[in-house]
Amino acid sequence: MLPGELTVAVARLKGAGPATLRDLHKLNIHTVAGLLMHLPREHVNRRDEVLLLEAASGKKMANTVVTIAAHSFFGPPHRQTLKLHVLDRQGTVAELPCFNRPFLAKTWPVGVQAWLSGLPESKYQSLQVAGFDLELPPPGHAPGTPLGLAGTMVPHYPLAGSLNHTQMARLVKQSLEDYAPVAFEEELPADFRSQHALVDLDSALRHIHFPPTLEDLKAAKNTLVWRELFHLQTAVLRRSLSSSSPNRVPVVLPQRLRQELLRRLEFSLTTGQMEVLKEIDADLSSSVPMARLLQGDVGSGKTLVAFLTALPLIEAGFQCALMAPTELLALQHAENAARVLDPLGVKIAFLSGNLKAAGRNALLEQLAAGKIDFVVGTHALFSDPVEFKNLRAVIIDEQHRFGVLQRQALLRKGEVVDLLLMSATPIPRTLALTAFGDLKTSVIRTMPHGRKPIVTHTNKMANQQKVYDFVKAELALGHQAYFVYPLIDASESLDLKDAQGMAAQLSSLFPTHKVGLIHSRLPEEEKTLVMEEFSQGKVAVLVATSVVEVGVDVANATCMVIEHAERFGLSALHQLRGRVGRSGLQSYCFLVFGENLTDDGKTRIRVMMETTDGFKIAEEDLKLRGPGDIAGARQSGFLKLSIADLGRDLPILMACREDLLQRLSRDPGFELPEHAGLKRLWEKCPPFSDELVAL
Ligand code: ADP
Ligand code: MG
């Protein structure tokens, strides 16, 4: 039996009354398995006694047995706060204020003994212990005697409501004694465990809660981390294999439309584009649907790759969909598609959430009837009423946080659908091995020919006039500029320039040029209009917030001015800079910064000066932000880890993956006797669930 299969309800445990159950449910604990995997956040060492006086004078935690001597109340009459008065064996008195915990009066009646830990402070002529823990001493403990070794390491758990550590420990102990099997089944292969010095699962689970020694605790933790990541990789690999079971007749890809598009282009494909197309073609013509992640820096020409991916499928009579994260980007892709694909006779449509009912219904009918070949839109594309006749490929742009379940939802719109995810943000290793561990990856490593490297300058706010003069000269040459600000409108609390205010100022600074304003609070129609005017060159200066961050493509723009650059994250700065340098024209990026830069702010600006390589910038970004990025992945439901930490345990994750891949190639069905446990685990891992860990 695996621990995860202990589905006995916690309600069956002795001492789990309605109030306790409510609190356990708050912690998302419903079964004995959940309780066992609710791990202590720390263990308190009860071996070395520290009496109240000694603790107060040495400013360390008290750790001793006290007697509850009295209860009293303080505060306004209608909101009285309980105070416990306690006494240690030297007769030292301390006061324990119980803010918002009146129920402690019942738990700790006068006369009982309790283990106290907490930091005493001399205040109001007495000793006060504000953040304290009280626990029952071990049964049979004689007052006044030293603590002894029983309960040397006491588990402290994340708590909710009026639960306390003693109660939790009792419930866990009961679960282990009454409900756990004599020994849990070992699912990890024996050679794997000995190779990594793991203890057996049974001791690991018992010792993580009640460790006899510190060494036992360490061994238990280490074992459970390896185990959790091994399970995670099992789920990821199982998913990648199950989505790639052969299930369609391979097709030869017709090339006429593609050739025609390439003939019409004013440029030829970069080697990077050609290489990834080869990889994509191999997927498209195989019996296994494509599941591929395409990474390529800003400006590397991913959109064209998307079109070239769709064309052979459209020529073969299928439908394709291109999804973008924002209305703005989707619209731009639709316009691009109209320009590039329309002349080839491809039927294109744009579907957005804002479409009025009449137009929308007509469009939905055409999609369902197969009269549209290529549909571009936002996530509205995959809402329920949308039906396709024969959807064959889904291409998703710049949305690498796309959840596995969302991916599944859109793949269900067709029978065997190819999936291509495109991203300019390099995917950190941890995500590549987990959330995207089921995708193959391609990288465009070259930029289009004739691109001049963007010249990046830094300027102090005080010298901004120089920047404005420079931009004026560029505008005079007929080029265009972006000005980006951290705020939409003026803020009282922050002394920052804002987009709205600066749009007005820049209009008077550049009186002969039209200045446009775009930010997220404008109605969609207005955004669309401004973007159109900017891409047609009617608007020369676009004032914006970071809404222009991803994907916007106006080749004639040569200046990107980012004011208060220190307020933007590295990946945002990189994306913003990538809006210029999209043609043979020399382009410039100005990072204008204010006073009082933080260390992180300085580092970000330095990195931007040193490199334009998006992969390097992403690495630096990860260093600066630490595992926060991974926390993001956790929140989005990819990973629910209870003990492993991907920021810290990446090497372990990689080792588990390697190990599993080797085992799979040696023993594909896990038929060998030493893989019996692994085989059960494999079968239990849900192939498509947001919850990757089977336990
Ligand atoms: P991204 O990868 O950032 O999405 P885009 O697809 O927006 O990049 O392409 C950036 C610009 O480069 C577009 O204007 C596109 O037309 C142009 N482009 C794409 N491929 C090439 C190429 N092989 N040679 C020259 N320009 C190209
Ligand atoms: Mg793009």
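Side notes on the structure shown:
- Kirkwood radius, the chain, all distinct C-alpha pairs, inverse of mean reciprocal distance: 29.9 Å.
- Dipole of region 222-346 computed with +1 at Lys/Arg Cβ and -1 at Asp/Glu Cβ about the Cα centre; of Gln332, Ala310, Val252, farthest Cα towards the positive end is Val252.
- Heavy atoms of Ile605 accessible to a 1.4 Å probe, total area in Å² rounded to 10: 10 Å²
- The heavy atoms of Arg604 present about 40 square angstrom of accessible area, all protein chains included, probe 1.4 Å.
- Projected label distance in nm at Arg263 and Ala490, using a 7 Å step from Cα toward the beta-carbon: 6.0 nm
- Lys440/His78 FRET efficiency (R0 45 Å; Cβ-Cβ; nearest 0.05): 0.10
- Computed over region 48-151: relative contact order in percent, which uses C-alpha pairs under 8 Å that are six or more apart: 28 percent
- Histogrammed with a bin width of 5 Å, the alpha carbon distances of region 48-151 distribute as 2, 13, 25, 25, 18, 10, 4, 1, 0 percent, first bin at zero.
- With all protein chains in place and a 1.4 Å probe, the accessible surface of the chain carries 54 percent carbon and sulfur.
- Compared with the dominant Cα axis of the chain, that is its longest principal axis, helix 499-509 is turned about 40°.
- Length gained on full extension, Ala357 to Arg412, computed as 0.36 nm times the residue gap minus the Cα-Cα distance: 17.4 nm.
- Cα pair distances of region 51-93 binned at 10 Å [whole percent]: 27, 39, 26, 8
- Once the C-beta distance of Glu275 and Arg89 is scaled by a Förster radius of 56 Å, the resulting FRET efficiency is 0.15 to the nearest 0.05.
- Computed over protein heavy atoms with a 1.4 Å probe, the accessible surface of region 256-444 works out to 38 Å² per residue.
- Summing Lys and Arg as +1 and Asp and Glu as -1 over all other residues whose Cβ lies under 11 Å from the Cβ of Phe307 gives a net charge of +3.
- Solvent exposure of Arg206, expressed as accessible area, is near 70 Å², computed with a probe of 1.4 Å over the protein chains only.
- Environment charge of Ala190, counting only residues whose C-beta is closer than 12 Å and scoring Lys/Arg +1, Asp/Glu -1: -4
- In plain terms, the chain from Lys123 to Met609 could stretch by 169.6 nm, reckoned as 0.36 nm per residue minus the Cα-Cα distance.
- Projected label distance in nm at Ala69 and Lys616, using a 7 Å step from Cα toward the beta-carbon: 6.8 nm
- Tail fraction, Cα-Cα pairs, region 14-78, threshold 19 Å, whole percent: 64 percent
- At full extension, Lys173 and Gln505 could sit 112.6 nm farther apart than now, given 0.36 nm per residue minus the alpha carbon distance.
- Amide H contacts for Val50 (H built 1.01 Å from N in the peptide plane; partners 5 or more residues away or on another chain; cut-off under 5 Å): Asn63, Thr64.
- With contributions of -39500 (n - 2.57) from each DSSP H run of at least four residues, the per-residue ellipticity at 222 nm computed over the chain stands at -11500 deg cm²/dmol.
- Values of log10 I(q)/I(0) for region 256-444 across q = 0.10 Å⁻¹ run -0.37, by the Debye formula with one identical scatterer at each alpha carbon and no solvent.
- Largest accessible area first, the residues Arg579, Arg263 order themselves as Arg263, Arg579 under a 1.4 Å probe with ligands, DNA and RNA left out.
- Placed amide H near Phe483: partners under 5 Å, 5+ positions off or other chain: Leu542, Val543, Ala544, Val561
- Modelled FRET efficiency - R0 25 Å, Asn247 with Leu661, Cβ distances, 0.05 increments: 0.65
- In Hz, Karplus ³J(HN,Hα) per residue of region 35-43 (6.51, -1.76, 1.60; θ = phi - 60°; x = Gly, Pro): 5, 5, 8, 7, 8, x, 7, 6, 10
- Computed from Cα positions, the angle between helix 524-535 and the longest principal axis of the chain comes to roughly 50 degrees.
- Which of Met153, Met608 is most accessible, then next, and so on - probe 1.4 Å: Met153, Met608
- Largest to smallest accessible area among Arg392, Arg666 [probe 1.4 Å]: Arg666, Arg392
- Axis angle, to the nearest 10 degrees, between helix 357-368 and the longest C-alpha principal axis of the chain: 90 degrees.
- Relative contact order, percent, region 516-621 [alpha-carbon distance under 8 Å, six or more residues apart]: 24 percent
- Relative contact order %, the chain, counting alpha carbon pairs below 8 Å whose residues are six or more apart: 13 percent
The values are calculated or read from the model by the stated rules, or taken from the named source; none is laboratory data. Keep in mind that this is a model prediction, so the values were computed, not measured. Here the Cβ is made from the backbone with ideal geometry for all residues, glycine too, and neighbour counts use every protein chain on show. We work out accessible area using only protein heavy atoms, side chains counted, and drop any ligands, DNA or RNA first. Shrake-Rupley method; radii C 1.70, N 1.55, O 1.52, S 1.80 Å.
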